[in-house]
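Participant: Here it is: the structure, laid out below.
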Amino acid sequence: MPARGGRWAGFWEQRARQLQRQVQAKEERIVELETENAILHLKLAEYQEMTGKSSHAATRFCLLCDEQEGLQRGTRSSLAQLCRVIQKVKQDRKELRSSSLDLLRDCQGQQQDCGSEIVTAVQGAQRHHEAVLAWQSKAGCLEQSLRETTERYQLEKQKRKQLHNRLVELKGNIRVHCRIRPALPFDKESEDPLSQNSSVSAEVAHAVDDETVLVRWDRPGHPWINKTYNFERVYGPAESQRVVFEEVCPLLTSLLDGYNVCIMAYGQTGSGKSYTMMGPHSRKEPVLPVESQGDLGIIPRAAEELFRLISENPSRSPKVAVSVVEVYNNDIFDLLAKDSCAVTSGVKREVLTTKAGKKEIPSLTYESVHSTEEFLTLVDGRLRLRAKHATLVHADSSRSHLIITVTLTTAPSWDSPANRQSDVSVLKEPDCPSPRQPATGRRHSAAHRTSSWSPGAAPEGPTGHMEQVHAKLQLVDLAGSECAGVSGVTGAALRETSFINRSLAALADVLGALSERRGHVPYRNSKLTHLLQDVLGGDAKLLVILCVSPCRKHAAETLQSLGFGTRARQVQRGPARAGRVAPRTPR
């Protein structure tokens, strides 16, 4: 509105100036005419004086008078017209002044309104400024409270880690669980006809309660056997994979707290070790979440739980790398190593002792995984490379000890206790992702691989800090102990059986030496015990799951497995070292 009023005011002022110039021009013209008229009157007087002198001059004077009268009439007409124009200009000026006054009053009203709004806005801004200062003060208080809460949270987290580790140690750093598998159809087919016709139960192993196993075995010509064995947990034939895994979850919490963890399945051939660790052998469906596959074993469930725990605290999520090795005929083979991009084969490795006293396999291949699906895809592909052979006891008997190692690495904070400990390793990716072919026998190639994880070096992260090993999870599916007479193996398979039984006997000897607190523990009697030395004799959390068959035909192997578990329970290890007990910086 003010802008519009301004334009009209300018227009009318310009129009008034134009009319004033016209009036001034007319007035000047009138003055000129009046001057000219005066001159004519002077001439007329002169002519009148000269009338008497000449008639010719009188005639001319008359003509001049006529002309003067004509000019006067024109002047009067011009003056009348000019007066009309002046009246119109005055009227326009009056109207312009009236509209200008209206515009001025409107502008003054709007100016007052804007001034009121500006005052209101300034007052509101002052109030908002005061509110912002109040909120800033409150935010400062909240930040201080947050810092205090964070400090208390860290203290509580450290206490939680200590209490959790104490709880785990109260249960035992070495825990032994026993799982009795149900009787299967092939058990009845292979039973002795005499025992099938007998009224005596074909099952000799029974779960009395959650901690007790009862073995009743009546052999003709032999003493009656009626023994009970106590373990930390006993699973009956009807208990599901989910129930078995519930006892593993606390160990994964210890893993993220910085403690090495090992879960080992031990038992005779066909007792359900691989089923307990992995689940069904033939899974044609794609890799699905664990909750959608009820039969999955400890390994896929542990991977699911591990990535779930890592996702709960993404502030310092560790990197997860996996290695897969097998101990076959007392040789260690790297199942992730490649001989070329088209041919796959295991590569022999040796166990060495690092400067920190840890057992490592130099140039062992590790592959990074970022989800449960990647982990299961990797492990399932390598399980097909594991040495297997059909026997009378089991149609798909594993002929090697499988060890899956999940290593967590972090970029440490330099002020954390974790920065002053742990072994350092290098992580590199595989050369090429060629498909792997199943192998059913021993490994022949000894080709070396350039991409590996070496204990002698450490990678630098994005900030230049060296990555360090946070903790290791070892998932061990041992080959089954067996009697050559029962399994019916010959030739190369008999040699495999001999190596399997010797390595398991070496494992039992190590546990016996630890339980008796001998000065010398024979770890080096077998590549298996040498590789697992840190788990058996260190401060790691070890869970041994004894898998036994309830059938009468396998009673001798069942008693041997239960005796192995009893010796393992007798191993007493001291408390964790100070470097391990110290809580780690939050992930």
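The values are calculated or read from the model by the stated rules, or taken from the named source; none is laboratory data. Keep in mind it's a predicted model, so treat the numbers as computed, not measured. Don't worry about glycine lacking a Cβ; one is built from the backbone with ideal geometry, like all the others, and counts go over all protein chains shown. Side chains included, ligands, DNA and RNA excluded: accessible areas come from the protein's heavy atoms. Shrake-Rupley method; radii C 1.70, N 1.55, O 1.52, S 1.80 Å.
Participant: Ordering Phe499, Phe11, Phe375 by how much accessible area each has at a 1.4 Å probe, largest first, what is the list?
Facilitator: From most accessible down to least: Phe11, Phe499, Phe375.
Participant: Once label points are set 7 Å from the Cα along Cα→Cβ at both Glu156 and Leu63, what is their separation, rounded to one decimal in nm?
Facilitator: Going by the 7 Å Cα→Cβ label model, 12.9 nm.
Participant: Something else about it: Considering only protein heavy atoms and a probe of 1.4 Å, how much of the accessible area of region 14-124 is carbon and sulfur, as a whole percent?
Facilitator: Summing carbon and sulfur atoms, their accessible area is 53 percent of the total for region 14-124.
Participant: Got a sec? Charge dipole of region 14-124, +1 on Cβ for Lys and Arg, -1 for Asp and Glu; which of Leu40, Gln18, Gly124 is way out at the positive end?
Facilitator: Looking along the dipole axis, the top candidate is Leu40.
Participant: Separate question: Let me cross-check Asp113: its accessible surface, 1.4 Å probe, with only protein heavy atoms counted, in Å² to the nearest 10?
Facilitator: 90
Participant: Under a point-charge model restricted to the Cβ atoms of Lys and Arg (+1) and Asp and Glu (-1), what is the dipole moment magnitude of region 1-160 relative to its Cα centre, in debye to the nearest 20?
Facilitator: The calculation lands at about 740 debye.
Participant: Now, a different point. Ranked from the most accessible area to the least, with a 1.4 Å probe and all protein chains present, what is the order of Trp217, Trp12?
Facilitator: Trp12, Trp217
Participant: Moving to a separate point now. Just the ratio, please: alpha-carbon radius of gyration of region 14-124 over 2.2 N^0.38 Å, N its number of residues.
Facilitator: Normalised Rg, Cα atoms only: 2.15.
Participant: If I take R0 = 51 Å and measure r between the Cβ atoms of Gln108 and Thr35 in this structure, what FRET efficiency does the formula 1/(1 + (r/R0)^6) give, to the nearest 0.05?
Facilitator: Once the sixth-power term is evaluated, E becomes 0.55.
Participant: For His222, His177, His370, what's the largest-to-smallest order of accessible area, 1.4 Å probe?
Facilitator: His370, His222, His177
Participant: Hey, rough spin-label estimate for Glu312 and Arg502, points 7 angstrom out along Cα→Cβ, what's it come to in nanometres?
Facilitator: 4.6
Participant: Treat each spin label as a single point 7 Å out from the Cα along the C-beta direction, and report the Ser77 to Val119 distance in nm.
Facilitator: Reported label-point gap for Ser77 and Val119 is 6.5 nm.
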